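Trainee: Here it is, the structure in full.
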Amino acid sequence: MKIAVGVATSGRRTILACLIDRLAAQTRKPDHLFLSPATGEDIDMEHLRSAPFPVTIVSSPKGSCPQRNAIINAAAGMDALIFFDDDFFPAANYLAETEALLKADETIVVATGHVIFDGIHGPGLQAEEADRIIKEDPTPDPAPAIVPAHNAYGCNMTFRLQPILAHRIYFDEELPLYAWQEDVDLCRRLSPYGKIVNFNRLRGVHLGVKAGRTSGLRFGYSQIANPLYLVKKGSVSLKWALRLMGGNVASNIIGSINPPPYVDRRGRLRGNLIALRHLLVGSLDPRHITHM
């Protein structure tokens with residue numbers, strides 16, 4: 001089985017180099033690493049020379065979806081493609097466990113793992129902290145548990161490539177820039193072709209690095225526009241979208257009273273309100289964030 005890793009990256013040159021080091025330490029190395037940077041400054045080319053696997057840099061317009069789609073096309077000769085966020089550190093056996101999972105059940109088309117700690121919910125982690133958390137994982141070798149999932153978590157997603165290429169199911173480039181919920185959309189469109197699962201032996205830490213993220217205003221707009229766009233195209237239910245939007249708007253209202261320094265809750269709330277106004281006048285569109 002040929003397994004590639006793909007990373008779409010923007011503004012995180014240092015942490016990307018750290019991820020490449022963690023890939024080099026995998027017990028089962030990737031057969032290929034595909035990197036899609038937003039700009040040429042996002043990659044330390046000197047650091048790549050020591051990678052113990054082939055590396056290809058692919059170009060595309062800036063944005064999570066076009067960058068990932070460029071990787072999919074470049075990886076067409078692979079059997080499986082693992083997308084890691086540039087700030088996700090996989091445990092050393094992640095790729096080995098992925099290969100075992102896909103070989104054991106050929107009906108699995110999407111797999112995601114167990115995030116031991118997610119720094120996105122706080123100020124974020126340093127590389128050394130993430131390494132320590134992985135090293136101190138209280139259950140590094142759990143009894144295998146494969147659980148059906150609605151979608152993969154975007155920071156660590158494994159796709160069997162054949163269904164994607166055969167049915168031309170790509171990330172939706174109508175969701176610009178950070179493209180919030182693009183992982184859910186792709187997974188739901190792949191669901192007719194096989195199982196989507198969470199496998200507890202795929203383990204790692206999401207650092208939640210704040211550099212390179214979209215503005216609070218843009219993200220707040222996407223929190224309303226993107227779920228409703230997915231409802232309109234039929235990839236998610238209205239119930240799912242309303243629950244997601246309601247939770248985010250409530251968090252932004254409460255968080256705006258005394259906002260933490262690492263989350264722009266007030267900016268997100270402003271974005272929510274602009275999106276709701278656009279909804280009322282019939283002009284809601286995820287692409288509006290490119291002009292904010």
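Trainee: Determine which member of the set PRO144, PRO140 is touching a Lys or Arg at 6+ places or on another chain (Cβ under 9 Å), touching a residue at least 60 places away in the same chain (Cβ under 8 Å) and not small (Gly, Ala, Ser).
Mentor: Result: PRO140 is the single residue among PRO144, PRO140 that is touching a Lys or Arg at 6+ places or on another chain (Cβ under 9 Å), touching a residue at least 60 places away in the same chain (Cβ under 8 Å) and not small (Gly, Ala, Ser).
Trainee: Okay, next question. Say we look at the stretch 210-229 and pick out the residues that are among the hydrophobic types (A, V, I, L, M, F, W, C) and open to solvent by 30 Å² or more (accessible area, probe 1.4 Å); which of these is modelled with the lowest pLDDT?
Mentor: ALA211
Trainee: Looking at the stretch 33-55, can you tell me whether even one residue there is under 25 Å from ILE164 (Cβ atoms) and out of contact with any strand residue (DSSP E or B) (no Cβ under 9 Å at 6 or more places or on another chain)?
Mentor: Taking every residue of the stretch 33-55 in turn, none turns out to be under 25 Å from ILE164 (Cβ atoms) and out of contact with any strand residue (DSSP E or B) (no Cβ under 9 Å at 6 or more places or on another chain).
Trainee: Hey, among GLY119, GLY63, which residue is of a type outside the set (S, T, N, Q), farther than 25 Å from ASN198 by Cα, open to solvent by less than 10 Å² (accessible area, probe 1.4 Å) and in the same structural domain as LEU190 (by the TED database)?
Mentor: GLY63
Trainee: Under 7 Å between Cβ atoms, which residue pairs at least 6 apart in sequence (or on different chains) link something in the stretch 155-170 that is farther than 14 Å from LYS195 by Cα and open to solvent by 10 Å² or more (accessible area, probe 1.4 Å) with a partner that is among the polar types (S, T, N, Q) and not in a loop (DSSP other than H, G, I, E, B)?
Mentor: TYR170/ASN69
Trainee: Now, a different point. Mind telling me which of the residues ALA76, ALA70, ALA92, ALA96 ends up being among the hydrophobic types (A, V, I, L, M, F, W, C), modelled with pLDDT of 95 or more, touching a strand residue (DSSP E or B) at 6+ places or on another chain (Cβ under 8 Å) and assigned by the TED database to the domain that holds ARG13?
Mentor: ALA70
Trainee: Check whether at least one residue in the stretch 182-189 is in contact (Cβ under 8 Å) with a residue 60 or more places away in the chain, in contact with a Gly (Cβ under 8 Å, 6 or more places away or on another chain) and within 27 Å of LEU279 (Cβ to Cβ), and report yes or no.
Mentor: yes
Trainee: State whether the residues of the stretch 38-52 include one that is free of Cβ contacts under 8 Å to residues at least 40 places away in the same chain, open to solvent by less than 10 Å² (accessible area, probe 1.4 Å) and polar (S, T, N, Q).
Mentor: The answer is no, given that none of the residues of the stretch 38-52 is free of Cβ contacts under 8 Å to residues at least 40 places away in the same chain, open to solvent by less than 10 Å² (accessible area, probe 1.4 Å) and polar (S, T, N, Q).
The values are calculated or read from the model by the stated rules, or taken from the named source; none is laboratory data. Computed from a prediction, not measured in an experiment: that's the story for all the values here. When we count neighbours, we look across all protein chains shown, and the Cβ atoms used for this are built from the backbone with ideal geometry, even at glycine. Side chains included, ligands, DNA and RNA excluded: accessible areas come from the protein's heavy atoms. Shrake-Rupley method; radii C 1.70, N 1.55, O 1.52, S 1.80 Å.
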